[in-house]
Amino acid sequence: MKKFYITTPIFYPNANLHLGHAYTTTVSDILARYHRLMGEKTHFLTGSDENTQKMVDAARKTGTDPMMFLDDIVKNFSVLYKRLNISYDQFIRTSDQVIHWPGAQLMWEKLSETGDIYEKEYEGLYCVGHEAFITEKDLVDGKCPDHGAIPERIREKNYFFRLSKYTEQIARKIETDELLIVPKTRKQEILSFLKQGLDDVSFSRPRRADMPQQLGIPVPGDESQTVYVWCDALANYITALGYGRGDGQMEFWPADVHVIGKDILRFHAAIWPGMLLSAGLPLPKSLLVHGFITSGGKKMSKTLGNVIDPVELLDEYGTDPVRYFLARHISTFEDGDITHEGFLEAYNANLANGLGNFAARVMTLSEKYIENIEEHIGFFSLPELKNTVVSDATQKYFKALDAYDFNAAADAIWEEIAAGDARMQKVKPFELVKLDIDKAVEELSKNFVQRLWRIAVMLEPIMPETALKLKEAIKSNKKPDNLFPRKE
Ligand code: ME8
């Protein structure tokens, strides 16, 4: 049986998840559902990145105990995932000393055995927002431009990872697509970064006195140091599967795709491959690197007052319309924009009118004119549809999902709907009804219902509840309740 292993980044629990996180997780879910429906043995991993200073700082600001703060936020992750209908198979927390720590420490030991860990006195500028050292060059007015904060100047003993050694090997794997980076623009971006040669990375920090004991993985053999949070975080993709515990077998490794945002490309396309090469493990097969969501053309920010809360959208429109919007109207590969007006317009035009209206008209005909629906309609599955490609649109749909192009996949479904609408305009079944020629109407109706089934099957990865409602309506030959009431 073909396997499919997909991951999201593990997000920082220093604040509730916002629309950007919802985006990554939703498109990952679409891929996971697609591969599951295609009959592949799928494992979908997500989680939270907890050995982090920024969470402790955030907790202190609110005067809450860090561990309680952490548990609360992580609980909110799963509440949001539930509302978005995210079908993850596993949620990893990197504070988990049973699931995660042994593997993270084993990884460290492997790098060390290879001779890739060494001690060094180090001085640098640490940005807590990035959880990484940044350079003087990166600063604007003395501040990190991404986080607006003055970095800490740190002078300390660290263990370093000899990443520089792997520059050429990593570049070759990326060049040849052995590690496929989608889209090509991100592949080019990382290749030109690699051309400058990789620097070694600080891979540990002295244990901070104010860090709870339950957080921060001790460096094997030196308890005064904790493993650098990015080193431990990246390892989650294998510790989740059993690296470092049990029989250590990792059925699902290598990952088919790590889905990430453009901000963490270097960690995933340089440090992570370097770690895996050093530890003698295979590299993931691909990275899907999506752009950032902006609101009204600007970065979402509290000061600008343009932050769009996923929960607000879910309250107003429900799960599937939000999934629909993210899949179809946010550019996958570049930055994508969202506004309340744009959402409302897309909802009314394509869900209330487009899909909802088409489904209602088809089922009105079907209910009235088709007897014994199961004799006339093939209730085919997604793989069956793939094997009997019936239209350009279906072909385009499968190609798009295989290329992680969610906009194009959704467009293909709406092409099917538009073609159905156009046909309805042409053959005018509701006028034939008045002429009392039932047989002809029945034939036309079968055709329309067959198309609606096809639409439902293609919708399933993107809008699972809607797909189910449509399929149930067809099987019981009953017009569904108003799927998408018009909104003002
Ligand atoms: O970086 N638009 O966690 P994080 C789209 N813990 N996606 C966005 C976004 C936006 N405006 N803002 C954030 C971390 N994201 C590490 C990851 S993985 C081993 C460790 C999404 O909470 C996008 O996927 O800062 C981005 O890469 C991720 O959130 C960063 O999440």
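Summarise the long-distance tail of P(r) for region 299-476 by giving the % of C-alpha pairs beyond 24 Å. So the portion of pairs separated by more than 24 Å is 42 percent. Here region 299-476 is assigned +1 on the Cβ of each Lys and Arg and -1 on the Cβ of each Asp and Glu. Its dipole about the Cα centre then comes out at about 380 debye.
Between region 24-52 and region 176-210, what is the C-alpha centre distance in whole Å? Each part's Cα centre sits 23 Å from the other's. Taking the DSSP beta bridges with both ends in region 3-291, the antiparallel portion is around 50 percent.
Give, rounded to the nearest 20 debye, the magnitude of the charge dipole that region 3-291 has about its Cα centre when Lys and Arg contribute +1 at Cβ and Asp and Glu contribute -1 at Cβ.
Using Cβ point charges on Lys, Arg, Asp and Glu, region 3-291 gives about 700 debye.
In a simple Cβ point-charge model (Lys, Arg +1; Asp, Glu -1; nothing else charged), the chain has a dipole of about 660 debye relative to its Cα centre. For the chain, the antiparallel share of DSSP beta bridges with both residues in that region comes to about 50%.
Neighbour counts of other Cβ atoms within 10 Å put GLU178, GLU50, GLU488, GLU341 in the fewest-to-most order GLU488, GLU341, GLU178, GLU50. Counting Lys and Arg as +1 and Asp and Glu as -1 over every other residue whose Cβ lies under 14 Å from the Cβ of GLY336, the net charge comes to 0. Kirkwood Rh over alpha-carbon pairs of region 103-165, then Stokes-Einstein at 20 °C and 1.002 mPa s: what D in µm² s⁻¹, rounded to an integer? Estimated diffusion coefficient is 161 µm²/s. Estimated purely from DSSP H runs of n ≥ 4, each contributing -39500 (n - 2.57), the mean residue ellipticity at 222 nm for the chain is -13500 deg cm²/dmol once divided by its residues. One chain, two ends: ARG423 and THR364. Fully extended at 0.36 nm per residue, the span grows by 19.6 nm beyond their Cα-Cα distance. With 25 Å as the cut-off, how large is the P(r) tail for region 25-165, expressed as percent of Cα-Cα pairs? Counting every Cα pair in region 25-165, those more than 25 Å apart make up 52 percent. Rounded to the nearest 10 degrees, the angle from helix 406-427 to the longest Cα principal axis of the chain is 10 degrees. Restricting the chymotrypsin sites (Phe, Trp or Tyr not before Pro) of region 353-390 to loop positions (DSSP other than H, G, I, E, B) with no more than 16 neighbouring Cβ atoms within 10 Å leaves PHE379, PHE380. Out of all Cα-Cα pairs in region 3-291, roughly what percent, to the nearest whole number, are more than 25 Å apart? That fraction is 47 percent. Among the GluC sites (Glu not before Pro) within region 343-385, those in coil by DSSP and having at most 16 neighbouring Cβ atoms inside 10 Å are GLU371.
A cut-off of 5 Å between modelled amide H atoms, ignoring neighbours fewer than 5 places along the same chain, links GLY47 with PHE11, ILE92.
Loop-located trypsin sites (Lys or Arg not before Pro) across region 201-247 with a Cβ neighbour count of 13 or fewer within 10 Å are ARG208, with loop assigned by DSSP.
Think of region 299-476 as a dipole: +1 on every Lys or Arg Cβ, -1 on every Asp or Glu Cβ, centred on the Cα centre; then among VAL389, ALA408, THR466, VAL389 lies furthest on the positive end. Think of the chain as a dipole: +1 on every Lys or Arg Cβ, -1 on every Asp or Glu Cβ, centred on the Cα centre; then among ASN357, VAL311, HIS268, ASN357 lies furthest on the positive end. For the chain, the longest principal axis of the C-alpha atoms and the axis of helix 184-195 are separated by about 10°.
Near the amide H of ASP335, within less than 5 Å, lie the amide hydrogens of PHE292, all on another chain or at least 5 residues away, with H placed in the peptide plane.
To the nearest 0.05, what FRET efficiency results for GLU443 and ASP402 with a Förster distance of 41 Å applied to their C-beta separation?
Computed FRET efficiency for GLU443 and ASP402 comes out at 0.70.
Database remark: amide H of GLY261 closer than 5 angstrom to the amide H of HIS290 (H placed geometrically; neighbours at sequence offset of 5 or more, or on other chains; Pro and chain starts carry no H). Scaled against the 2.2 N^0.38 Å expected of a compact globular protein of N residues, the Cα radius of gyration of region 355-439 reads 1.30. Kirkwood radius for the chain, taken over all pairs of different Cα atoms as the inverse mean of 1/r, rounds to 24.6 Å.
Computed from the coordinates by the stated procedures, all read-outs in this text should not be read as laboratory data. Just so you know, these numbers come straight off a predicted model, no measurement behind them. A quick note on method: Cβ atoms are made from the backbone with ideal geometry, for glycine too, and the neighbour counts reach across all protein chains shown.
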